[in-house]
Amino acid sequence: MTRLADVPAPALELKSMPNRFRSFVDDPADLSWFAGDSLLHTEWNPHNVLVSGDRALFVAWGWASTGAAWIDPALWLLWLVAHGHTCDQAENAAAAHPAWELAPVEGLHALARAQRRLWDSIAAQSTDDWTTPMQEAARSWEEHRR
């Protein structure tokens, strides 16, 4: 994930994170926190990261986006919470990513609110078993960020 932060976004049309989150914020001004030109994977489902030896390969780039570099570690921390970490533990792990230092506190609060709304929407529309833990993780992180 750290190496990915150094990869420039390709000359492809990718959705921006402000565009992806526009339906999940109360205040449109919150979208400005998510803007940036970093290439983001955004879908840190464990099935999308293949580990072999000391290498990791990211697959399933269907949600690739551009945005603030700190968003990928923030989205990854939700998966950590969904798989048993506390919010503090997950944020400490995310803080190992250099871009985390760039994350504005208010931007993290806005992302936590948007993620809770996003995962509430996904869980309401899906019967997949993995959506409930993600919904609970997003709710926990939003509460942690208040």
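Structure notes:
- Restricting the range 120-143 to residues that are of a type in the set (A, V, I, L, M, F, W, C) and farther than 17 Å from Asp30 by Cβ, the residue that is modelled with the lowest pLDDT is Trp130.
- Scanning the range 8-30 for residues that are among the aliphatic types (A, V, I, L, M) and over 14 Å from Trp70 (Cα atoms), we see that the one that is modelled with the lowest pLDDT is Ala9.
- Positions within the range 47-62 being at pLDDT 80 or above and either of a type in the set (Ser, Thr, Tyr) or within 14 Å of the chain's Cα centre (by Cα) (or both), in sequence order: Ser52
- Any hit, the range 61-73, residues being over 22 Å from Ala9 (Cα atoms) and surrounded by 12 or more Cβ atoms within 10 Å (Cβ to Cβ): no
- Checked against (1) surrounded by 15 or more Cβ atoms within 10 Å (Cβ to Cβ); (2) assigned to a helix (DSSP H, G or I), His85 meets all criteria but (2).
- Within the range 32-59, the set of residues being in contact (Cβ under 8 Å) with a residue 24 or more places away in the chain, under 18 Å from Trp70 (Cβ atoms) and not in a loop (DSSP other than H, G, I, E, B) comprises Trp33, Phe34, Ser38, Leu39, Leu40, Phe58.
- Candidates Ala138, Ala124 - the one that is surrounded by 14 or more Cβ atoms within 10 Å (Cβ to Cβ) and either out of contact with any Gly (no Cβ under 7 Å at 6 or more places or on another chain) or polar (S, T, N, Q) (or both): Ala138
- Scanning the range 90-146 for residues that are touching a residue at least 12 places away in the same chain (Cβ under 8 Å), not small (Gly, Ala, Ser) and not in a helix (DSSP H, G or I), we see that the one that is farthest from Phe34 (Cα to Cα) is Trp130.
- Some residue of the range 63-73 being assigned to a loop (DSSP other than H, G, I, E, B), of a type in the set (Phe, Trp, Tyr) and modelled with pLDDT of 85 or more: yes
- When residues of the range 10-60 are limited to those that are in contact with a strand residue (DSSP E or B) (Cβ under 7 Å, 6 or more places away or on another chain) and among the aromatic types (Phe, Trp, Tyr), the one surrounded by the fewest Cβ atoms within 10 Å (Cβ to Cβ): Phe58
The values are calculated or read from the model by the stated rules, or taken from the named source; none is laboratory data. These numbers were taken from a predicted model, which means no experiment stands behind them. Heads up, the Cβs are rebuilt from the backbone with ideal geometry, glycines too, and the neighbour counts pull from every protein chain shown.
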